[in-house]
Amino acid sequence: MVKVELDDFEDLWDGTKEEVNIQGFEINQDDHRMMIDQYVGRDKFVPHDISYYKSIIRLIRENLSYHSGSDQS
């Protein structure tokens, strides 16, 4: 399980950046939590069309905008 800054994630999928910093953890074979803090490229994400990632980013931004009240009348 990792997190990445949304702006950086968007830059990765629109080609502005080649790598982004991810932070989080993974569970190793011994069921121990191993911390992650590294730079990765697109190849480290689940393979989907770029359009899929772009639509997910758009939906996240719409949701964040809605919940911040900027889209409410």
Restricting to DSSP H runs of at least four residues, report the calculated mean residue ellipticity at 222 nm for the chain, -39500 (n - 2.57) per run over all residues, nearest 500 deg cm²/dmol. -12500 deg cm²/dmol
Rolling a 1.4 angstrom probe over the protein chains, ignoring ligands and nucleic acids, what is the accessible area of residue 54 in square angstrom, nearest 10? 100 Å²
Just how much of residue 32 is accessible, in Å², when a 1.4 Å probe is used and the result is rounded to the nearest 10? 110 Å²
Once 60, 36 are ranked on solvent-accessible area with the largest value leading and a 1.4 Å probe, the list reads 60, 36
Residues of the stretch 8-25 with the amide nitrogen closer than 19 Å to a label point 7 Å from the Cα of residue 64, along Cα-to-Cβ, please. 8-24
Partner aspartates and glutamates for residue 54 [C-alpha distance under 15 Å; skip if fewer than 8 residues away on the same chain]: 5, 7, 8, 10, 11, 14, 62
Note: the chain at 20 °C, 1.002 mPa s; Kirkwood Rh on alpha carbon pairs; Stokes-Einstein D in µm²/s works out to 154 µm²/s
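The values are calculated or read from the model by the stated rules, or taken from the named source; none is laboratory data. Not measured: the values here are computed from a predicted model. Neighbour counts are summed over all protein chains in view; Cβ atoms, including those assigned to glycine, are modelled from backbone coordinates with ideal geometry. The protein model used for the area step is the full one, side chains on, heavy atoms only, and it has no ligands, DNA or RNA in it. Shrake-Rupley method; radii C 1.70, N 1.55, O 1.52, S 1.80 Å.
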